[in-house]
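A short write-up of the structure that comes next.
The values are calculated or read from the model by the stated rules, or taken from the named source; none is laboratory data. These numbers come from a predicted model, not from an experiment. Heads up, the Cβs are rebuilt from the backbone with ideal geometry, glycines too, and the neighbour counts pull from every protein chain shown. All accessible areas refer to the heavy atoms of the entire protein, side chains included, with ligands and DNA or RNA removed. Shrake-Rupley method; radii C 1.70, N 1.55, O 1.52, S 1.80 Å.
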Amino acid sequence: MLRSLVGSEMCIRDRYQRRVRGTTFSGMATCSALALVVLTLALIPGPASAAKFFFEDKALRPLTQIARRHAMYAAGDVPSGSGAGELSIDLTFSTKDHESTTAHEDHASTTAHVIFFHHDELENVLKAETDQTFCCTVKVEGKGYGCAKDGEFLPTYTPLYKTELDLFQDHPRRLNKTVSVNKTGMHYLMFSHCESGIDVIFINGENGWRNAYGYLPGELYYNIPFFLAMSVLYAVVVLVWWGLVLYFRSDGVLSVHDHIGLVALLALCEVVLWFLYYQAYNNTGLRDTGLLTTAVISSCIKRTSTRILILVVCMGYGVVRPTLGDSTMKVMVFGGLYCVFTTVLDVVKALSHEDDISRQCHFIPVSFGFPRQTRSGDGERCGYVYSFLA
């Protein structure tokens, strides 16, 4: 009789553990399904501009500027490879009157200014704009760069490269130039339309930023060796952990050990995806939006799984409690909401880095309070854990 009761209790406990194992992490399964839908939609667009910028009838209107920036290494500071970083420009400039097809008699030509300078000169460039000496800056032998104003030569800023292109109606001009950097740091490329007429300058072509090791900006280069090392480390952790789980399976392994192994496997997938993304970025100079979205979603799923695992363990599941009981639905709702909000927010933020349309779409989750929910998610989780430990 006693043996029968003990056997019945063990069967009930096993049934509860199987049921809780499925229900506790069903929220993460639902989140994974939603993430796959987002991933499918994200794979539709092509690569986005990053170290290579493509211009297709980009309008440079009067009294406006277009600027790009990139972190570049000088020859003596490059962490990998040899040689200095280079800026390549292969652009065609053309102009036309956007109100008519004929040029104005008093405005026979329009000038496009192309300037490339180091971050150290940024303050001088901004000061020259304020003093209205930016557009008149020229190089004078023996004096350097400056502007002659009221009969006096005023030093302004010192660019690495500066040129002016006089444009006439229906006579486009091509600029093909490669400039090497001589100082490590952030560099700026600026296109300026200094005249107040009605002629619009249109830019076509591309410009690229390349360091000795590839296209990655200087501040992102170390992500490649970092995620490579993390991939190797997580691979070792996953192999060792699952080896131990299988070895001691016959001695009775807790279900929480399986869940820890799954989180470690998700972490391995995350770092591998980020390594592949930065490696592709470095090789092509373009941001693979599909790979980027996959890496972001994997990070969100791993983050959610980690938080849910910590939460249920602190609630006693797998250690002193075979089931979460009435708290199962609360955990599922918390995990599902956290995963959805963080996934939507992180994907939109990642895709809006260089895309103006996505940057506007960033206000969609903001208006619904997604960032507020995400920022308070950790605090709510801690409070939830402490309430169960109290």
Residues of the stretch 56-98 satisfying the condition of being within 15 Å of HIS113 (Cβ to Cβ), in a loop (DSSP other than H, G, I, E, B) and either open to solvent by less than 60 Å² (accessible area, probe 1.4 Å) or free of Cβ contacts under 8 Å to residues at least 40 places away in the same chain (or both)
PRO62
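Quick grid of which residues meet (1) part of a loop (DSSP other than H, G, I, E, B); (2) among the aromatic types (Phe, Trp, Tyr); (3) under 19 Å from ALA59 (Cα atoms); (4) at pLDDT 90 or above:
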| residue | (1), (2), (3), (4) |
| --- | --- |
| SER100 | yes, no, yes, no |
| ILE115 | no, no, yes, yes |
| GLU121 | no, no, no, yes |
| ASN124 | no, no, no, yes |
| GLY142 | yes, no, no, no |
| LYS162 | no, no, no, yes |
Of the numbered conditions (1) touching a strand residue (DSSP E or B) at 6+ places or on another chain (Cβ under 8 Å); (2) touching a residue at least 24 places away in the same chain (Cβ under 8 Å); (3) surrounded by 14 or more Cβ atoms within 10 Å (Cβ to Cβ), ASN176 fails exactly one; give the number of that condition.
(3)
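Can you tell me which residue within the stretch 194-220, out of those that are in contact with a helix residue (DSSP H, G or I) (Cβ under 8 Å, 6 or more places away or on another chain) and not in a helix (DSSP H, G or I), is farthest from ALA267 (Cα to Cα)? Working first, answer last.
Here is the first cut: in the stretch 194-220, the ones in contact with a helix residue (DSSP H, G or I) (Cβ under 8 Å, 6 or more places away or on another chain) are 211, 213-216, 220.
Keeping just the survivors that are not in a helix (DSSP H, G or I) gives 211, 213-216.
Numbers: ASN211: 30, TYR213: 27, GLY214: 27, TYR215: 27, LEU216: 24 Å.
Checking each candidate, the answer is ASN211.
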Residue satisfying all of: in the stretch 285-321; farther than 26 Å from VAL340 by Cβ and touching a strand residue (DSSP E or B) at 6+ places or on another chain (Cβ under 8 Å); most open to solvent (accessible area, probe 1.4 Å) among these:
LEU286
Consider only pairs whose beta carbons are under 6 Å apart and that are at least six residues apart or on different chains; among these, list those whose first residue lies in the stretch 226-239 and is within 15 Å of ILE260 (Cβ to Cβ) and of a type outside the set (S, T, N, Q) and whose second residue is part of a helix (DSSP H, G or I) and open to solvent by 60 Å² or more (accessible area, probe 1.4 Å).
VAL238/LEU265
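Of PHE168, PHE153, PHE202, which residue is open to solvent by 20 Å² or more (accessible area, probe 1.4 Å) and under 31 Å from the mean Cα position of the chain (by Cα)? Give the steps one after another, and end with the answer.
Working: PHE168 fails: under 31 Å from the mean Cα position of the chain (by Cα); PHE153 fails: under 31 Å from the mean Cα position of the chain (by Cα).
Result: PHE202 is the single residue among PHE168, PHE153, PHE202 that is open to solvent by 20 Å² or more (accessible area, probe 1.4 Å) and under 31 Å from the mean Cα position of the chain (by Cα).
Within the group VAL320, VAL333, which residue is β-branched (Val, Ile, Thr) and over 30 Å from the mean Cα position of the chain (by Cα)?
Numbers: VAL333 fails: over 30 Å from the mean Cα position of the chain (by Cα).
Checking each option against the conditions leaves just VAL320.
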Output the number of residues of the stretch 187-197 satisfying the condition of being open to solvent by 50 Å² or more (accessible area, probe 1.4 Å) and aliphatic (A, V, I, L, M).
0
Please go through (1) modelled with pLDDT of 90 or more; (2) assigned to a helix (DSSP H, G or I) for HIS259 and return the number of the only condition it doesn't satisfy.
(1)
